[in-house]
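To keep things clear, I will list the structure first and then write my remarks on it.
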Amino acid sequence: MTQPKRFAGKVALITGGRSGIGQAIATRLQAEGATVITAQRGEDSKFDSIKADFSDPEVPAQVIAEIIQQKGQLDILTKT
């Protein structure tokens with residue numbers, strides 16, 4: 001019998017998920033069943049991503065709103 005994945009049906013946003021610790025977190029969440037979206041200044045070739053410059057204080061709310069509009073939910077937010 002296959003065990004259900006812990007994050008199946010969940011949507012996760014990982015800031016800085018294109019490399020380093022952020023990428024490790026994104027990879028693990030995806031392996032556990034989450035739909036993963038990364039957000040950073042550049043494109044991400046491994047995950048769905050949103051280009052975002054978080055030095056602008058209005059960007060976090062815009063990114064969250066965009067994900068909710070696209071996916072209908074946002075369950076996990078990890079800032080790296």
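Throughout, read-outs are computed from the coordinates displayed, never taken from laboratory work. Computed from a predicted model, the values in this text were never measured in an experiment. When we count neighbours, we look across all protein chains shown, and the Cβ atoms used for this are built from the backbone with ideal geometry, even at glycine.
Can you give the charge dipole size of the stretch 11-79 about its Cα centre, rounded to the nearest 20 debye, using +1 on the beta carbon of Lys and Arg and -1 on the beta carbon of Asp and Glu?
Details: 7 positive and 9 negative charges, 43 e Å.
Magnitude of the dipole: close to 200 debye.
For the chain, the mean residue ellipticity at 222 nm estimated from helices alone is -10000 deg cm²/dmol, where every DSSP H run of n ≥ 4 contributes -39500 (n - 2.57) and the total is divided by all residues, rounded to the nearest 500. The modelled label-to-label distance for the pair residue 68/residue 32, using points 7 Å beyond Cα in the direction of Cβ, is 2.3 nm.
Are there trypsin sites (Lys or Arg not before Pro) in the stretch 15-73 that DSSP marks as loop and that have at most 16 other Cβ atoms within 10 Å, and which are they?
On the way: sites: 18, 28, 41, 46, 51, 71; in loops: 18, 41, 46.
Hits after loop and neighbour filter: 41, 46.
Can you tell me, using C-alpha contacts under 8 Å and at least 6 residues apart, the relative contact order of the stretch 11-79 as a whole percent?
Relative contact order for the stretch 11-79 comes out at 35 percent.
For the options 36, 59, 11, a Gaussian network treatment of the chain with springs between C-alpha atoms closer than 10 Å singles out 59 as fluctuating the most.
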